[in-house]
1. If amide H atoms are built 1.01 Å from N in the plane of the peptide, which residues on other chains or at least 5 residues away come under 5 Å of the amide H of Ile458?
2. Based on Cβ point charges of +1 for Lys and Arg and -1 for Asp and Glu, what charge dipole magnitude is obtained for the chain about its Cα centre, in debye rounded to the nearest 20?
3. Roughly how many whole Å is it from the C-alpha centroid of region 198-251 to that of region 455-471?
4. Calculate, in whole percent, how much of the Cα-Cα pair population of region 184-302 lies beyond 23 Å.
5. Modelled label-to-label distance, Asn262 and Ala484, 7 Å Cα→beta-carbon offset: nm?
6. Which whole-angstrom value gives the distance between the alpha carbon centres of region 162-194 and region 274-288?
7. Cut-off is 10 Å between beta-carbons; in what order do Val14, Val279 appear when sorted fewest neighbours first?
8. Which whole-number percent gives the relative contact order of region 337-490, counting Cα pairs below 8 Å spaced six or more residues apart?
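Nothing in this text is a laboratory measurement; each read-out follows from the coordinates by a stated rule. Because the structure is predicted, anything quoted here is derived from the model rather than measured. Note that each Cβ is placed from the backbone with ideal geometry, even for glycine, and that neighbours are counted across all protein chains shown.
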Amino acid sequence: MLLSKLLDGLPLEVPVEDRFVTGIAYDSRRVGPGFLFVAIEGYKTDGHLYIKDAVNRGAAVVVLQQNLPVPGGTVKLMAPDTRRLLPLLSARFFGDPARKMKMVGVTGTNGKTTTTNLIETIYRAHGLKTGLIGTIHNRIGDRVLAVEHTTPESTDLQNLLAEMAAEGVGAVAMEVSSHALALHRVEQCEFDTAVFTNLTQDHLDFHGSMDEYLDAKLILFTQLGRNTFKTGPKRAVVNVDDPAAGRIIAACTAPVITYGINRPADVSARDVRINTRGVSYTAVVNGATIPLKLKMTARFNVYNSLAAIAAGTAAGIPLATIKQALEGVPGVPGRFELVDRGQNFAVVVDYAHTPDGLENVLSTAREVTEGKVIAVFGCGGDRDRSKRPLMGEIAARLSHLAVVTSDNPRSEDPLLIIEDIMPGVQKVPGASYVVIPDRRQAIDRAIRTAGPGDVVVIAGKGHEDYQIVGNSRLHFDDREEAAAVLEKVATGEGAR
């Protein structure tokens with residue numbers, strides 16, 4: 001693309017001698033001959049430090065917000081905020097792909113992954129080729145792609161969307177994280193539907209306060225339907241049972257569809273029945289009813305499925321299609337996922353890594369069993385420390401035995417993380433707990449402690465197949481570890 005066309009209408013001075021731009025990069029290691037390099041002031045490093053590297057790799061144009069020298073004959077452009085400029089340049093370079101597909105963005109502390117998977121399934125059942133962007137993986141049709149961030153950086157995102165559009169994708173379901181909203185990664189993505197799941201404590205190491213965290217979420221809804229290039233309706237889908245719903249609804253610039261269980265809503269659930277194998281309920285959609293029997297369990301999955309129903313109806317998809325799609329979903333990896341080797345107790349692996357997420361999954365475990373609940377959990381290093389004692393208190397209160405262990409300690413000492421957890425555990429009178437820093441040993445102890453009818457919940461990692469220790473990513477999968485212990489128990493290996 002010609003530089004003059006890329007910069008058309010932007011407050012940047014176009015050089016007299018035009019250039020052909022072959023690509024865009026914000027990471028100097030990805031620069032190739034003829035690229036435009038955008039130097040961003042990041043949180044871990046500053047792209048301005050890598051200008052020389054970008055030029056050496058062939059950058060034809062460098063966009064800066066610090067007035068630094070640029071070597072050789074490379075074009076230098078100054079911008080007041082390169083991070084805000086990056087998504088606009090990226091979308092323009094890749095042909096504004098979000099305008100060519102239906103875009104559904106899902107934001108919230110918990111439930112984003114399951115809800116996007118359900119929405120994608122509904123669109124697929126409606127006959128569209130679909131795209132999925134999220135925590136577990138990205139997908140174009142049936143082709144699975146690796147994930148680096150829940151929501152990719154704007155250049156990577158626009159490139160991915162362009163690939164989807166080129167392959168005939170008609171609808172994209174996308175997790176939209178608060179980081180992505182605060183860092184402008186999804187600007188230039190024109191969403192047709194925006195979904196709010198819930199808001200509970202998380203990411204305060206980044207946002208600083210719950211108000212700032214909510215403000216980031218609000219961006220998705222304040223921008224919905226503004227500066228639209230698409231035809232068709234825009235809709236916001238909001239969990240009316242969440243305390244933040246009022247703020248979300250007040251911020252919406254498009255019509256709102258509400259969903260919930262406890263308060264009157266456009267899409268609601270009644271006659272909810274939950275067991276370890278699934279959940280059934282009657283969905284009430286603007287007065288119409290559809291009985292649903294899902295292969296996923298837990299009350300939070302009632303909410304996730306209601307959100308998906310609301311998003312489907314917002315797109316005009318028939319209720320019969322929505323029912324067929326939802327009842328066919330076998331579950332989402334690492335979300336209340338059962339590890340079954342024929343044992344007479346349940347073992348569940350779940351991604352719950354926030355106070356609310358842990359409370360939800362343990363409450364569900366108590367709801368579906370008359371036996372004991374045994375919880376294995378830890379807290380991630382280099383993340384919000386204030387949630388550690390909160391999670392300790394929840395685990396001690398809702399389980400009959402809390403096994404405190406390590407979970408992605410990163411650069412922190414696992415024992416110091418556990419020290420932060422323990423005041424919450426010890427706050428619960430008569431709490432039963434054990435501290436086992438080695439996660440493999442913790443899982444082994446929990447499973448060997450379980451008896452008939454009990455539920456073992458292994459929380460925090462879910463679909464992840466690694467532990468981050470220091471700068472190393474070591475293979476570790478809670479599901480594999482649980483299965484290995486269950487097989488040892490079944491063959492009588494080791495004392496139970």
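1. For Ile458, whose amide H was placed from the backbone, the distant partners under 5 Å are Val348, Val349, Asp350, Val376.
2. 940
3. About 28 Å separates the Cα centre of region 198-251 from the one of region 455-471.
4. Of all Cα-Cα distances in region 184-302, 42 percent exceed 23 Å.
5. Inter-label distance under the simple model: 4.1 nm.
6. About 29 Å separates the Cα centre of region 162-194 from the one of region 274-288.
7. Listed from fewest to most nearby Cβ atoms, that is Val14, Val279.
8. Dividing the mean separation by the residue count of region 337-490 yields 33 percent.
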